[in-house]
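The values are calculated or read from the model by the stated rules, or taken from the named source; none is laboratory data. Bear in mind the structure is a predicted one, so any value in this text is a computation, not a measurement. Backbone-built Cβ (ideal geometry, glycine too); neighbour counts: all protein chains shown.
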Amino acid sequence: MMARRSQKDPSGVGLYPEWSWCWPVNRRILYNRASVNADGVPWNKDRPVIWWDGGKWKGDVPDGGWKPLSQAGTKKSFIMLPDGVASIFAAGMKEGPFPEHYEPLECPIEKNPLSGTKNNPVIKLFFADGGLEEDAFYSCDQRYPYVATTYRVTEHWQTGVMTRNTPWLNEMQPNMFVELSPELAKDKGIKNGEMCVVSSGRGKVDAVAIVTKRFRPFKVQGTTIHQVGLPWCYGWTTANSGDSANLLTPTIGDGNTMIPETKAFQVNIEKRG
């Protein structure tokens, strides 16, 4: 399957449907039928996500395979909402009814460029007194200048508890790794396959460097920001697998779902001496 990977991008917006599988049906963009008019013609013809052509959808996998809205027997675009339409108000959200962007509690910029409030005011901080302890988080800390994110790998189910000890799966994904851009690898003197130490204010993990163009530097408020990625499918009992990325992540809970803030936090990366 890996040998058959393709870099085709029929929509031209970076979906790459044949590069890897996107759960659950290889759809890249939720509510993608909202990007077209009632006849299935993209609102932005220069950057189409999906379009209706000759009786079928092309581009991304349609979010609900119904025909365009101008035809009979169809459904509206926002299929996860009862009325099928977008909502300006989000009833029941602890932050309030209007959508708002907040920066992660750990981030490399001083101010939220989209709001006067930097962080979500109703996040759950897991301390005995519920307060923000001094030095508990490391926003804009030069010791940890890079943004990290976490994810799972195809070969290991969820945290890997049920799959790390399966020999052939462990052979396909034998080690904890960290993905980083060629630009950051050059800055840090790290080569593909070398062992690195990734650290945060909470801990450190050893990881094999994977230098990949999947990660690219960001330009944010005139500053170059680098990102790295680590899986959390590893643990301590399987030979040669290494530690989990969760040793690095902050103990923050979303105000509505209590999902921890593991998709953006601050780390450093160095070649292991």
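Of note:
- Within region 151-200, the set of residues being of a type in the set (D, E, K, R) and either more than 25 Å from Gln266 (Cβ to Cβ) or at pLDDT below 95 (or both) comprises Arg152, Glu155, Arg164, Glu171.
- Flag for Arg28 being in contact with a Cys (Cβ under 8 Å, 6 or more places away or on another chain) and either surrounded by 11 or more Cβ atoms within 10 Å (Cβ to Cβ) or not assigned by TED's automatic domain parsing to the domain that holds Arg152 (or both): yes
- Test: residue in region 250-259 that is touching a strand residue (DSSP E or B) at 6+ places or on another chain (Cβ under 9 Å), among the small types (Gly, Ala, Ser) and in a loop (DSSP other than H, G, I, E, B): yes
- Among the residues of region 83-93, none qualifies, meaning not one is under 23 Å from the mean Cα position of the chain (by Cα), among the aromatic types (Phe, Trp, Tyr) and either buried (at least 17 other Cβ atoms within 10 Å of the Cβ) or in a loop (DSSP other than H, G, I, E, B) (or both).
- Among the residues of region 1-41, those that are under 17 Å from Phe78 (Cα atoms) and among the polar types (S, T, N, Q) comprise Asn32, Ser35, Asn37.
- Residue count for region 211-230, restricted to those that are surrounded by fewer than 17 Cβ atoms within 10 Å (Cβ to Cβ) and in contact with a Phe, Trp or Tyr (Cβ under 8 Å, 6 or more places away or on another chain): 2.
- Pick from region 1-46, criterion basic (Lys, Arg) and assigned to a loop (DSSP other than H, G, I, E, B), ranking: nearest to Asp63 (Cα to Cα): Arg27
- Residues (among the polar types (S, T, N, Q) and either within 16 Å of Arg47 (Cβ to Cβ) or in contact with a Gly (Cβ under 9 Å, 6 or more places away or on another chain) (or both)) located in region 1-19: Ser11
- Any hit, region 197-206, residues being of a type in the set (A, V, I, L, M, F, W, C) and outside the structural domain of Asp254 (by TED's automatic domain parsing): no
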